[in-house]
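Everything on this sheet refers to the single structure shown next.
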Amino acid sequence: MILTHAHWLTADGTFQEGSILVEQGRIRLEPGDPGPEPGPDVLDATGSLVLPGLVDPHVHLRQPGQSGKEGVANGSRAAAAGGITTLLDMPNDRPPTTTAARVAAKAAIFRQRCRVHWGLHVQASRRPVDVDPSIVASAKLYMARGSPAPAIRDPDGVEAVLRRWPRVTVHAEDEARFDPQRRPHDLARPREAVVAALATLESALRRIPEPRRPRLVLCHASTREEVAWVRRLKAEGFDLWGETCPHYLVFTADDAHRAGARLQVNPPIREPADREALLEAVSDGALDWIGTDHAPHRLAEKTGPNPPSGIAGAEWALPLLLRLRDRGILSWRRLVEVGCARAATCYGIAGRDGIREGAVADLVLVRPSRMPQSEPPVTRAGIHPYQDVPLDWQVQATVVGGVVVYRDGVFPEFQGELPGRRVIP
Ligand code: DOR
Ligand code: ZN
Ligand code: ZN
């Protein structure tokens, strides 16, 4: 395929004009040449910006076991609509993805159903498991229960996980500090639970001799304490990476209290000072990327008496990043880092460091136009989490390895193989 009349963002944050040719799924740039006339396999990008596809290393597509909440086919459509071309799926499935057999069974589902590139996280458990670390993005350590498998929060348990796996992603809330009867939600899961989890992680890391320490990813940072912690340990040279999510950058606890279950998420959304610290950290690079933590639940569950936590944000991912760009939080160059390059580097996914010669042809066409929030969303969650937030960019088309997977609200059907490829290993 070829993108003509293209205006693309380069990895150094500047724009170039010309055409983008895709050869065997890779990018070839023809600066200055607008390309051929319209025809088959020609995508005219007049009036759009061409951006690199996003790498979202934190989604919950909930298959196997809970595809009624989303599923791989539908969730990967929602991701494509949000400009995500590579996703890494979390392991808190039913049953939890904790063994080699379960990773293999889950991979078979993704191979058949995922529209975009994909990889899997395994869930760390106390029992020794047979999973080869090289076939998963990371071992996910839940210090608060997030699946039928129990949480691991004690110092010895945490240290054992950090010794076992070369890459660990962590949900850092110590569930022993929860007070489930308290309301609202952010008091039931106070920030002290996050601070306690960080202390446990840090002392476990320090007990492990330096060459044997794993790469650690702090998932969904939501507090100023996490920002300070990441800054301090990075400055000391720890192999630590930090993620935050769009909802922590847009909303505050007051918004969450007003919205109720729609914005109920773990960890909870905190105070304006936390949001400020997170915005500063994504701007200056202390935090590495913005993952959506796409966590869909059924509308009936969310509106019921005991709503589950989670915000399904994948299909708003790129418009939300562009909003941060428009507000001066992200430069164009930072947008490439935060949107794809940093996560790709952390997880060892090649060819996702921005639009350049030879990179994988994962591309998104966007145009400046208010995103409608009235139609039903793609996600089975059925909720627009950002319904009151004006989003001034729309994804027009998403290209995965040179194949259009989304265009103007339509998802083409595929006979046989899907364009999404497994990226790890
Ligand atoms: O709010 C959340 N929902 N936080 C998590 O850690 C898990 C997620 C889910 O799977 O629903
Ligand atoms: Zn989590
Ligand atoms: Zn999550």
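Every read-out reported here was derived from the displayed coordinates using simple, explicitly stated rules and does not represent laboratory data. Not measured: the values here are computed from a predicted model. Positions of Cβ are generated from backbone atoms using ideal geometry, with glycine treated the same way; all protein chains shown enter the neighbour counts.
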Of all residues in region 267-279 being within 28 Å of Leu299 (Cα to Cα) and buried (at least 20 other Cβ atoms within 10 Å of the Cβ), which is nearest to ligand 2 (Cβ to nearest atom)?
Pro267
Here is a list of conditions, (1) surrounded by 16 or more Cβ atoms within 10 Å (Cβ to Cβ); (2) part of a loop (DSSP other than H, G, I, E, B); (3) free of Cβ contacts under 8 Å to residues at least 40 places away in the same chain; (4) within 15 Å of ligand 1 (Cβ to nearest atom), and Tyr248 meets all of them except one; can you say which number that is?
(2)
Answer with yes or no whether Gly313 is in contact with a Cys (Cβ under 9 Å, 6 or more places away or on another chain), within 16 Å of ligand 1 (Cβ to nearest atom) and either among the polar types (S, T, N, Q) or under 21 Å from Arg367 (Cβ atoms) (or both).
yes
State which residue is nearest to ligand 3 (Cβ to nearest atom) when the search covers only region 266-285 and only residues that are within 18 Å of Val195 (Cα to Cα) and in a loop (DSSP other than H, G, I, E, B).
Asn266
Residue under evaluation Ala193, criteria (1) away from ligand 2 (no atom under 16 Å from the Cβ); (2) in contact with a helix residue (DSSP H, G or I) (Cβ under 7 Å, 6 or more places away or on another chain), criterion not met:
(1)
Of everything in region 10-26, what is farther than 28 Å from Gly328 by Cβ and either outside any strand (DSSP E or B) or hydroxyl-bearing (Ser, Thr, Tyr) (or both)? Give them in sequence order.
Ser19, Gln24, Gly25
Taking first residues from region 307-324 that are at positive phi and second residues anywhere that are assigned to a helix (DSSP H, G or I), the pairs with Cβ under 9 Å that are 6 or more apart or on different chains are Gly310/Lys302
Given (1) in contact (Cβ under 8 Å) with a residue 40 or more places away in the chain; (2) crowded, with 16+ Cβ neighbours inside 10 Å, identify the lone condition not met by Glu357.
(2)
Note on region 309-336: residues within 16 Å of ligand 2 (Cβ to nearest atom) and under 16 Å from the mean Cα position of the chain (by Cα) are Gly310, Ile311, Ala312, Gly313, Ala314
Please verify whether Ala253 is within 24 Å of the chain's Cα centre (by Cα), touching a residue at least 40 places away in the same chain (Cβ under 8 Å) and away from ligand 2 (no atom under 16 Å from the Cβ), treating the condition exactly as stated.
yes
Of the conditions (1) within 30 Å of Gly53 (Cα to Cα); (2) within 16 Å of ligand 3 (Cβ to nearest atom), Arg145 clears all except one; give me its number.
(1)
Which one is farthest from ligand 2 (Cβ to nearest atom), of the residues in region 137-183 that are of a type in the set (Val, Ile, Thr) and more than 20 Å from Pro95 (Cβ to Cβ)?
Val158
Of Val116, Val170, Val131, Val136, the only residue that is within 15 Å of ligand 3 (Cβ to nearest atom), closer than 21 Å to Ile349 by Cα and of a type in the set (A, V, I, L, M) is Val170
Does region 38-90 hold any residues that are within 14 Å of ligand 1 (Cβ to nearest atom), under 15 Å from the mean Cα position of the chain (by Cα) and small (Gly, Ala, Ser), and which are they?
Gly75
Before we move on, is Gly339 away from ligand 2 (no atom under 16 Å from the Cβ), under 19 Å from Leu391 (Cα atoms) and assigned to a loop (DSSP other than H, G, I, E, B)?
no
